[in-house]
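Structure first, commentary second.
Taken together, the values in this text are just the output of simple stated rules run on the coordinates, not laboratory data. Predicted model, so just to flag it, every value in this text is computed and none were measured. Every residue, glycine among them, receives a Cβ derived from its backbone with ideal geometry; neighbour counts consider all protein chains shown.
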Amino acid sequence: MKLEMELKSTKPMPARQRVLLNILFTASWLDCTITRQLRPFGLTSPQYNILRILNGSAPKGLSVLDIKSRMLDRSSNVSRLVEKLRISGHVERIPHGKDRRMVIVTISEMGKTLLADIEKARFMDGSSSAGSKLSESESLELAHLLDKFRE
């Protein structure tokens, strides 16, 4: 559906303003979609992001600062999110050998299983998710344009 219809706007918008509003609107729409898809698994988007980051760094693990630097939403309270994931058994906190103030966070077997369950549910696989109507070349072009937009 066109942005103007979604916003119930009848006035034409300058192209750059339309792009900004469309990105903001789409980001909000996508966040709601992802939130609904993760709800049955008991995760929020930032928690899912942390599990994916830790899964990618396994078995090594990362400090909370390293996790935060890789987050999609860097304003998240990573320490609080990691603690919630620890309490639920999805991550483990291991004291750093040389620096007692630092903690290394790793994904647990339970966290790996949860990620596998989410993947089995075809979460964001492209075939039944947001953006599924885009061809491969359109997806690449959109990714390129968004990268260029942020330059």
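In plain terms, the residue of Ile50, Ile94, Ile107 with the fewest other Cβ atoms within 10 Å comes first and the most crowded comes last, giving Ile94, Ile107, Ile50.
Taking only alpha carbon atoms, the chain gives an Rg to Rh ratio of 1.05, where Rh is the Kirkwood radius.
Helices meeting the span-like rule in the chain (full DSSP H runs, Cα extent of at least 24 Å along the helix axis, mean Kyte-Doolittle score of 0.0 or higher): 15-38. Counting 0.36 nm for each residue step from Glu119 to Glu136 and taking away their Cα separation leaves a gain of 4.1 nm. A Cα-only calculation for the stretch 1-41 places Rg and Dmax at 13.0, 42 Å. Tell me, what is the FRET efficiency for Leu145 and Ser79 to the nearest 0.05, using R0 = 35 angstrom and their Cβ-Cβ distance as r? Efficiency, rounded to the nearest 0.05: 0.50.
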